[in-house]
Every structure is written in C-alpha cells, then in structure tokens.
Amino acid sequence: MTDRVCRWLRAVDASGLQCAFDGAFEFMDAHIHEPPPFRALLALAEPALQASMEPHAPSADFTTLLTRLQLRLGTPLPPSLIGFWELRARSPQWRTLFDTLMSPEIFAPSAYLDGHGYGPDYRLSVARVDNSIHPVHESLDYGYQEWFDDAAEALRATAATWRNFEVGDSVMLDPTVARSLIQIASDDGEWVELVSDWCDDTGESPIFRAGDDYEGYADLLGTGLPQWLGLEVDTTMARLVTPDRATAVASGASLLGSA
C-alpha cells in the first residue's frame with residue numbers, strides 16, 4: 001500500500017500536476033485535515049516507504065501498551081491492526097502521509113485504556129479522544145435488538161454469516177458483539193469499527209463504517225485492515241483526480257488495483 005501511494009505521488013510530480021493537486025485538496029469539502037503542500041507530502045514518501053519495509057522490533061513502550069490492550073480485550077488483536085498502530089508510532093513520516101490521505105481521524109491505541117471511566121467488561125469498545133468519550137458499543141444497545149430482529153435474515157451479520165458479505169454491503173450487526181467493537185477512527189458523525197470477536201483463519205477481523213444517519217446499518221469496508229486502508233486512500237485519490245468515481249471507489253471499486 002505504501003509503495004502504491006509513493007508511486008502515485010511521483011507520477012503526479014512527473015506530470016507537473018503539483019499545483020492541481022494542492023488546488024484539488026483545497027476544494028475537497030469532505031476532507032477534514034489541513035493538508036501540507038504537495039512538495040512537503042512528496043518529501044515524506046521515501047522515509048515512509050523505508051519505514052514500512054525495514055525490519056524492526058517494537059519498542060518496549062509499544063510492547064507494554066499492546067499487552068495492556070490485549071489483556072483488556074481478552075483476545076489477541078488482529079495482526080494488521082497491531083502493525084498499523086506500531087508503524088504509526090514509529091514513523092511520523094508514514095503517519096503524516098497517511099493521515100493526510102485519509103478522511104477519518106485515527107484513534108491512538110492508548111485512547112481505549114485510560115480516562116474514559118468504563119470498567120474492563122467494556123473491553124476496547126470505549127475510547128477517549130481529547131475531551132470526548134466514544135462509547136461505540138452503545139450503537140448496538142437500547143432499541144437496536146428490535147431493529148436487528150425485524151431485519152431480513154439476509155441482512156443480519158453474525159459470527160456464522162459475516163464472511164458471506166462483500167465490501168460495500170450494508171448489514172445489521174449481531175448486537176451480541178457490542179462490547180467487542182473497537183472504534184478505530186471517527187469521521188464527522190460516522191465511525192469506523194472493527195468487530196474483534198469475528199476473525200478469519202489469519203486472525204484478521206472485519207471492518208465496518210456506521211454513523212448517526214445509517215439507521216442501524218453498517219457498511220462492510222474490508223475483511224481486514226489493509227483492505228480498509230487501501231479503500232480510504234483510493235477514495236481520496238478518486239476525489240482528487242476523478243471525482244465522478246469517488247462514490248464507486250468508496251463502495252469498494254479499486255482505483256489503482258490491488259492493495
């Protein structure tokens with residue numbers, strides 16, 4: 001994924017489209033970040049790529065943090081989520097590059113551990129970011145059980161059926177997974193959540209986007225974090241260079257091929 005982004009930035013540079021790139025970012029209403037100029041972004045590409053490829057051992061601080069997270073969750077975290085958090089912590093260039101090319105605000109892993117006031121039985125379903133508390137488990141509480149029961153069986157995602165859905169499908173999540181949800185990002189009334197109780201043979205868990213206006217439904221974004229990450233970056237690229245394709249890309253259509 002990092003290699004694809006770097007190749008794309010170099011192609012923009014070689015085509016003389018630096019000013020067009022900066023102008024496109026300026027008019028992207030959906031983008032919440034203040035982007036650096038293209039030249040500053042391009043300068044991050046090589047260090048970010050090197051960081052993503054170099055052999056490394058997690059720092060002692062990260063290892064301690066990971067241990068606390070997995071103890072609270074009660075089960076191993078998906079390997080790609082661990083790698084994503086570790087790379088963001090280790091490489092400020094990689095973090096800045098991808099934060100610029102992603103619309104959602106990414107939560108730091110420490111957000112799930114301290115300062116939110118919820119006990120360990122809530123696992124990692126609550127995060128504190130600055131002065132805001134994000135109890136994502138509440139999205140499947142209250143009257144949600146009745147909505148789930150009334151939904152067509154073909155729309156209900158459960159431990160037995162979630163693998164049958166495709167990226168872009170809107171589903172109703174089994175409310176029994178409420179406290180296994182991990183909200184990994186937030187995006188203006190919407191959020192990105194991982195269902196940690198569901199995982200495939202490699203330990204990866206599906207990722208969904210839900211929101212205040214989704215009427216209880218959640219859109220499947222990927223069967224693991226790499227697929228979601230590629231989708232987010234592809235969507236930004238589509239908004240910058242082919243705005244008419246942005247909606248299709250956000251629903252799972254690839255702009256630059258496989259992540």
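The values are calculated or read from the model by the stated rules, or taken from the named source; none is laboratory data. All values derive from a computational prediction rather than experimental measurement. Neighbour counts are summed over all protein chains in view; Cβ atoms, including those assigned to glycine, are modelled from backbone coordinates with ideal geometry. Remember, those area values only see protein heavy atoms, side chains included, never the ligands or the DNA or RNA. Shrake-Rupley method; radii C 1.70, N 1.55, O 1.52, S 1.80 Å.
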Checklist entry - Conditions: (1) in contact (Cβ under 8 Å) with a residue 24 or more places away in the chain; (2) within 25 Å of MET1 (Cα to Cα); (3) part of a loop (DSSP other than H, G, I, E, B). GLY216 meets all but one. Number of the miss? => result (2)
Checklist entry - Can you name the residue in region 1-45 that is closer than 25 Å to GLY83 by Cβ and more than 23 Å from the chain's Cα centre (by Cα) and is also modelled with the highest pLDDT among such residues? => result ALA43
Next on the checklist: For ARG123, only one of the following conditions fails: (1) more than 30 Å from ALA238 (Cβ to Cβ); (2) touching a strand residue (DSSP E or B) at 6+ places or on another chain (Cβ under 7 Å). What is its number?
Outcome noted: (2)
Item to check | Subset of region 200-223 that is farther than 23 Å from ASP150 by Cβ and surrounded by fewer than 21 Cβ atoms within 10 Å (Cβ to Cβ) - its residue that is nearest to the chain's Cα centre (by Cα) | outcome: GLU204
Next on the checklist: If I filter region 87-97 for residues that are farther than 17 Å from ARG179 by Cβ, touching a residue at least 60 places away in the same chain (Cβ under 8 Å) and among the hydrophobic types (A, V, I, L, M, F, W, C), do I get at least one hit?
Outcome noted: yes
Checklist entry - Given the conditions (1) crowded, with 16+ Cβ neighbours inside 10 Å; (2) farther than 30 Å from SER125 by Cα, which single one is not true for LEU87? => result (2)
Item to check | Matching residues in region 123-136 - criterion: being in a helix (DSSP H, G or I) and over 16 Å from ILE184 (Cβ atoms) | outcome: none
Item to check | Extreme residue, most open to solvent (accessible area, probe 1.4 Å), among residues of region 40-57 that are of a type in the set (Gly, Ala, Ser) and under 30 Å from ALA11 (Cβ atoms) | outcome: ALA43
Checklist entry - Would you pick out the residues in region 143-165 that are more than 23 Å from the chain's Cα centre (by Cα) and under 23 Å from ALA185 (Cβ atoms)? => result TYR144
Next on the checklist: Can you find a residue that is in a helix (DSSP H, G or I) and β-branched (Val, Ile, Thr) anywhere in region 98-118?
Outcome noted: yes
Next on the checklist: Quick check on region 58-78: of everything there that is among the small types (Gly, Ala, Ser) and touching a helix residue (DSSP H, G or I) at 6+ places or on another chain (Cβ under 9 Å), which residue is surrounded by the most Cβ atoms within 10 Å (Cβ to Cβ)?
Outcome noted: GLY74
Checklist entry - Taking the condition of a type in the set (Gly, Ala, Ser), without any contact (Cβ under 8 Å) to a residue 60 or more places away in the chain and within 22 Å of GLU232 (Cα to Cα), does SER186 pass? => result no
Checklist entry - Within the set of pairs 6+ apart or on separate chains, which have a first residue in region 50-71 that is in contact (Cβ under 8 Å) with a residue 12 or more places away in the chain, a second that is of a type in the set (Phe, Trp, Tyr) and surrounded by 12 or more Cβ atoms within 10 Å (Cβ to Cβ), and C-beta atoms under 7 Å apart? => result ALA51/TRP94; SER52/TRP94; LEU69/TYR112
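To keep it simple, each residue is scored yes or no on (1) open to solvent by 50 Å² or more (accessible area, probe 1.4 Å); (2) in contact with a Ser or Thr (Cβ under 9 Å, 6 or more places away or on another chain); (3) modelled with pLDDT of 95 or more.
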| site | (1), (2), (3) |
| --- | --- |
| THR96 | yes, no, no |
| SER125 | no, yes, yes |
| ILE133 | yes, no, yes |
| HIS137 | no, yes, yes |
| LEU140 | no, yes, yes |
| ALA159 | yes, yes, yes |
| MET172 | no, no, yes |
| SER180 | no, yes, yes |
